[in-house]
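The values are calculated or read from the model by the stated rules, or taken from the named source; none is laboratory data. None of these values were measured; they are calculated from a predicted model. Glycine also receives a Cβ, built like all others from the backbone with ideal geometry; neighbour counts cover every protein chain displayed.
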């Protein structure tokens, strides 16, 4: 099992460590609810160094990325990033990812940890544009500082004006004495903050400096369990649960990152254009429990007549709302916000409602 550069910190902090995507990762430290609310109200720090990073550069880089991703990479100027996904040629999704335009003819792709090998094979298979591709996943560390106080904490460690780092933009510079740190604001918690990418030899110094800088703000380390509850309150997809090789971007509500512009010809473009014209048969929706219960992964979604109309893909007890929430696919006729649905929980039919994203509205 792999470990990140920061494993010694997690062990000293007595984190509950679990296997995730081939890595030994911190699931929780002080408990999911405490960590979750720390991020919503103050500032928390995640070690997300298990994520994958691929550099794509050269004359063919843009054309290559336009082919394999759904979003329009040509709209990115250096210093900007975009959320996107890679279609699999069968109407499904290889992975969702973030594309950074690092500098002219050079891009950074950040992919899901569990999909690094799969994605690497996929992009190499489709690189007919002579783009230069490097898998830097084992060389880079990533620390996410999230919460309303996050930028205030990190600002103590850098001369870069973090107020100018708007959503889906980034700067590169020195942080806590560590050179060439990418400071981005793409977020997976909905609580604001920044992500810091550096090479492994700077990770420990960065982590230690962040905690020292945030001591007066109640800063805490945050595990994967709270990362999941935070993203679920926002309605952000988790690959392997809410999207996968069997779900189309349009079914998953990702039409906004699927650009059918004339100059962009991407894998599955014709299929997805037809699907858009004809309409999808199912949609990913937010779920909020009306009666007490938690909609867990794979639970059936029912209508009033006990007919199965869909399936839960993610679910939890929301620490911010103190009620069960989830996401799941339902037949399109049941996808309107406010629609009364039921979750099959241990042979019981528990009342819920379809809600818009984000599920948690601050």
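As for the stretch 57-77, it holds at least one residue that is under 20 Å from the mean Cα position of the chain (by Cα), free of Cβ contacts under 8 Å to residues at least 40 places away in the same chain, farther than 30 Å from residue 321 by Cβ and surrounded by fewer than 23 Cβ atoms within 10 Å (Cβ to Cβ).
Scanning the stretch 281-302 for residues that are assigned to a loop (DSSP other than H, G, I, E, B) and crowded, with 18+ Cβ neighbours inside 10 Å gives 293, 294, 295, 299. Let me confirm something: among 50, 10, which residue is crowded, with 16+ Cβ neighbours inside 10 Å, in a loop (DSSP other than H, G, I, E, B) and modelled with pLDDT of 95 or more? On inspection, the qualifying residue turns out to be 50.
Here's the yes/no breakdown for (1) touching a strand residue (DSSP E or B) at 6+ places or on another chain (Cβ under 9 Å); (2) in a loop (DSSP other than H, G, I, E, B); (3) modelled with pLDDT of 95 or more:
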| position | (1), (2), (3) |
| --- | --- |
| 182 | yes, no, yes |
| 195 | yes, no, yes |
| 198 | yes, no, yes |
| 206 | yes, no, yes |
| 209 | yes, no, yes |
| 212 | no, no, yes |
| 229 | yes, no, yes |
| 232 | yes, no, yes |
| 245 | yes, yes, yes |
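On inspection, residue 306 does not qualify as surrounded by 12 or more Cβ atoms within 10 Å (Cβ to Cβ) and in the same structural domain as residue 350 (by TED's automatic domain parsing). Looking across 114, 163, one residue alone is assigned to a helix (DSSP H, G or I) and touching a residue at least 60 places away in the same chain (Cβ under 8 Å). It is 114. Would you call residue 18 touching a helix residue (DSSP H, G or I) at 6+ places or on another chain (Cβ under 6 Å) and farther than 19 Å from residue 197 by Cα? So residue 18 fails the test. Here residue 204 meets the list (1) touching a helix residue (DSSP H, G or I) at 6+ places or on another chain (Cβ under 9 Å); (2) closer than 27 Å to residue 116 by Cβ; (3) assigned by TED's automatic domain parsing to the domain that holds residue 20; (4) buried (at least 18 other Cβ atoms within 10 Å of the Cβ) almost entirely, failing just condition (4).
If the condition is being within 22 Å of residue 315 (Cβ to Cβ) and without any contact (Cβ under 8 Å) to a residue 60 or more places away in the chain, then the stretch 235-279 contributes only 236. Selection of first residues in the stretch 3-17 that are in contact (Cβ under 8 Å) with a residue 40 or more places away in the chain and of second residues that are assigned to a loop (DSSP other than H, G, I, E, B), restricted to Cβ pairs under 6 Å at least 6 apart or on distinct chains, gives the following pairs, ordered by first then second residue: 4/49; 13/29; 15/29.
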